[in-house]
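Below is one structure; the comments refer to it alone.
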Amino acid sequence: MRVLAAADKFRGTATAAQVAAAIGHACWETGHDCVELPLADGGEGTLTVLGGANRVSTVTGPLGDPVRAEWRLHRGTAVIEMARASGLELVGGAEHNDALAATTTGTGELIDEALDRGARKVVVCLGGSATTDGGLGCVRAITSPPRLKQVELLVACDVDTRFVDAATVFAPQKGATAAQVELLRGRLERLAQMYREQYGVDVRDTPGSGAAGGLAGGLLALGGRLVPGFDLVADELELHDRVAEADLVITGEGHLDAQSFAGKVVGGVQRVCAELGVEVAAVVGGSDPEVRDRIRLVSLTESFGASRAMREPLWCIEQAATTILRAFAG
């Protein structure tokens, strides 16, 4: 068989490239050809699958301390992963975050530098943010917002959350108390009004404008175009062409749940395979019971136990892929 290994990362245990390589090794061991295609959904890990960083800049971190943020500029296209400048992991997680103070300033500084260096297309990947500032820090850090009208600004989103709802949906995950959520919601309501007055853009009801704590809405106000992150990555990596050439696609992610079929990699790959009439299966770390029947899969925790799945993820992924290959080849 001609197999396409088109997988996302297993958060905390394996990168997308490592997952694809493990599937590829299973293919070669069982006598099948394989093309390895690491994927992402527009959030964390997208910079890596789109070519990796070739720039490092010191910018303002989410709580004001300087951080060294990697980004990419190649042939006039800049790829900026906001988590590298304004991410929750940079402050040590929700328990160390200041949900009211966290700012997207560093992301704006990266965009500003990309413009200074002559970028004609800027891709901003959202996800993993520490912030619920509605993108205000980012907007203020861009020294000449009108310059963005002269470039293509794409904002990769993996959620449909509206701007003001970002406080309720995401802020608790970033350490906000119930009282702080209400404060942040009020801030976003006032900020939406400010964006409409200053830039003539109503960000309130646009699906995805609440991504990354409303950063998507701030960039929308500056002329950015919100696009589904998976679709952006799929287009850049020519996923449809790769799937069309395959007899079987093996995808995967760390945990399969309802969100996996709402803008994430597994659901996106399954949709492309359905369009092109190509068989698909998934290797997952674990899965919620209510979605197990939505795609043919092998769960690492069920097959090998949670301890081994965490301790030896790549071996487990390879064995799971072998099980899938034998089932389809037989």
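Computed from the coordinates by the stated procedures, all read-outs in this text should not be read as laboratory data. Given the structure is predicted, the values throughout are model-derived calculations rather than measurements. Neighbour counts are summed over all protein chains in view; Cβ atoms, including those assigned to glycine, are modelled from backbone coordinates with ideal geometry.
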Notebook entry, point to check: Given H placed on each backbone N at 1.01 Å, which residues far from Ser287 in sequence or on other chains put an amide H within less than 5 Å of it?
Noted result: Leu256
Next item on the list: Only helical DSSP H runs with n ≥ 4 go in: add -39500 (n - 2.57) per run for the chain, normalise by residue count and round the 222 nm mean residue ellipticity to 500 deg cm²/dmol.
Entry: -11500 deg cm²/dmol
Next item on the list: Take every DSSP beta bridge with both residues inside the chain and express the antiparallel ones as a percent of the total, to the nearest 5.
Entry: 25 percent
Check: Going by average Cβ neighbours within 10 Å, how do the peptides 258-265, 14-21 rank, with the highest at the top?
Finding: 14-21, 258-265
Next item on the list: Would you kindly enumerate the cysteines in the chain that have no other Cys beta-carbon under 4.7 Å from their beta-carbon?
Entry: Cys125, Cys138, Cys157, Cys273, Cys316
Check: Which residue, chosen from Val151, Gly108, Ser129, occupies the Cα position most advanced towards the positive end of the dipole of region 46-230, where the dipole is computed from +1 (Lys, Arg) and -1 (Asp, Glu) charges on Cβ about the Cα centre?
Finding: Val151
Next item on the list: Select from Gly252, Pro313, Leu222 the residue farthest towards the positive end of the dipole of region 212-327; place +1 on Cβ of Lys and Arg, -1 on Cβ of Asp and Glu, and compute about the Cα centre.
Entry: Pro313
Checklist line | Ordering of 189-198, 119-128 by burial proxy (mean other Cβ atoms within 10 Å per residue, highest first) | finding: 119-128, 189-198
Next item on the list: Enumerate the amide H contacts of Asp33 below 5 Å, restricted to partners 5 or more residues apart or on another chain; note that Pro and chain-start residues carry no placed amide H.
Entry: Val3
Margin query: As I understand it, the dipole of region 185-330 uses +1 on the Cβ of Lys and Arg and -1 on the Cβ of Asp and Glu, about the Cα centre. Which of Val283, Ala192, Gln270 lies farthest toward its positive end?
Written below: Ala192
Notebook entry, point to check: Rg to Rh ratio, the chain, alpha-carbon atoms and Kirkwood radius?
Noted result: 1.00
Next item on the list: Using only alpha carbon pairs under 8 Å that are at least six residues apart, calculate the relative contact order of region 46-230 and give it in whole percent.
Entry: 22 percent
Check: List the aspartates and glutamates whose alpha-carbon lies under 17 Å from that of Lys174, not counting same-chain residues fewer than 8 positions away?
Finding: Glu44, Glu89, Glu95, Asp98, Asp133, Asp165, Glu182
Notebook entry, point to check: What does the charge dipole of region 170-278 about its Cα centre add up to, to the nearest 20 debye, if the Cβ of each Lys and Arg holds +1 and the Cβ of each Asp and Glu holds -1?
Noted result: 680 debye
Check: For Ala141, what charge total do you get from the other residues with a beta carbon under 9 Å from its beta carbon, if Lys and Arg give +1 and Asp and Glu give -1?
Finding: -1
Notebook entry, point to check: Which net charge results when you count Lys and Arg as +1 and Asp and Glu as -1 among the other residues whose beta-carbon is under 11 Å from that of Arg292?
Noted result: -3
Margin query: Can you compute the label reach from Arg147? Point 7 Å from Cα along the Cβ direction, backbone N cut-off under 18 Å, restricted to region 72-111.
Written below: 72-81, 105-111
Item checked: Most to least packed among 250-256, 31-37, 91-97, 266-272 [average Cβ atoms within 10 Å] -> 250-256, 266-272, 31-37, 91-97
Next item on the list: State, as an integer percentage, the relative contact order of region 56-121 based on alpha-carbon contacts under 8 Å between residues 6 or more apart.
Entry: 39 percent
